[in-house]
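Asker: Input: one structure, supplied below.
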Amino acid sequence: MKKMLFVLPAVLLAHISFAQTVPLDSVSKYEGKTITVCSKVTGTHVSAGEKKNINLNFGKPFPDNSFSVFISESDLPNFKYNPSEFLKDKNVCVTGTVKIYKNKPEIVVTKEEQIKIK
């Protein structure tokens, strides 16, 4: 059992490291697949509701963005920085599973390791 606790994180890290890199304009074709997308964060948004969730927008600024990254407020302790401020206007690579939300592709990010600054 103890070996599993060491092996599982290594397998998950390897899975993230070897994800296929996809151009920004093709992300929607990979729904349900784990991929990497590299592009500039063109805007950020912190929700105004009770929970302060973060959206990072790519392509054009919101609402014309072609892709977004969603970070739940409950996952913010997994970051050493505030993603909405630190990542704005930076070129990054994001790895995760693509889902379609409101007819646009997005990746839900739960930990800092899923985002690499270029």
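Each reported figure results from applying straightforward, stated rules to the coordinates on display, with no laboratory input. Treat the numbers as computed from the prediction; the structure is a model and nothing was measured. Cβ sites come from the backbone with ideal geometry, for glycine too, and all protein chains shown count toward neighbours.
Asker: Measure off 7 Å from each Cα along the Cα-to-Cβ vector at residue 29 and residue 113, then give the distance between these two points in nanometres to one decimal.
Answerer: 3.0
Asker: In terms of the Cα gyration tensor, with a ≥ b ≥ c the square roots of its eigenvalues, is region 26-106 rounded because a/c is under 1.5, prolate because a/b exceeds b/c, or oblate?
Answerer: rounded
Asker: Report, in listed order, any pair from 60/111; 40/60; 40/88; 51/99 with a Cα-Cα distance greater than 18 Å.
Answerer: Over 18 Å apart, Cα to Cα: 60/111; 51/99.
Asker: Net charge around residue 38, counting only other residues with Cβ within less than 14 Å of its Cβ (Lys, Arg = +1; Asp, Glu = -1)?
Answerer: Summing Lys/Arg as +1 and Asp/Glu as -1 gives +3.
Asker: Here are some pairs, 29/52; 80/118; 80/102; which of them have Cα atoms lying more than 27 Å apart in this structure?
Answerer: Pairs exceeding the cut-off: 29/52; 80/102.
Asker: Turning to a different aspect of this structure: Whole-Hz ³J(HN,Hα) for each residue in region 97-108, computed from phi via Karplus 6.51 cos²θ - 1.76 cosθ + 1.60 with θ = phi - 60°, x for glycine and proline: what do you get?
Answerer: Those phi angles translate into 8, 7, 10, 9, 10, 6, 6, 10, x, 8, 10, 8 Hz.
Asker: Give me, ordered by chain and number, the residues 5 or more places off residue 53 or on other chains with an amide H under 5 Å from its own placed amide H.
Answerer: Residues meeting the criterion, in which the H sits 1.01 Å from N, are 47, 73.
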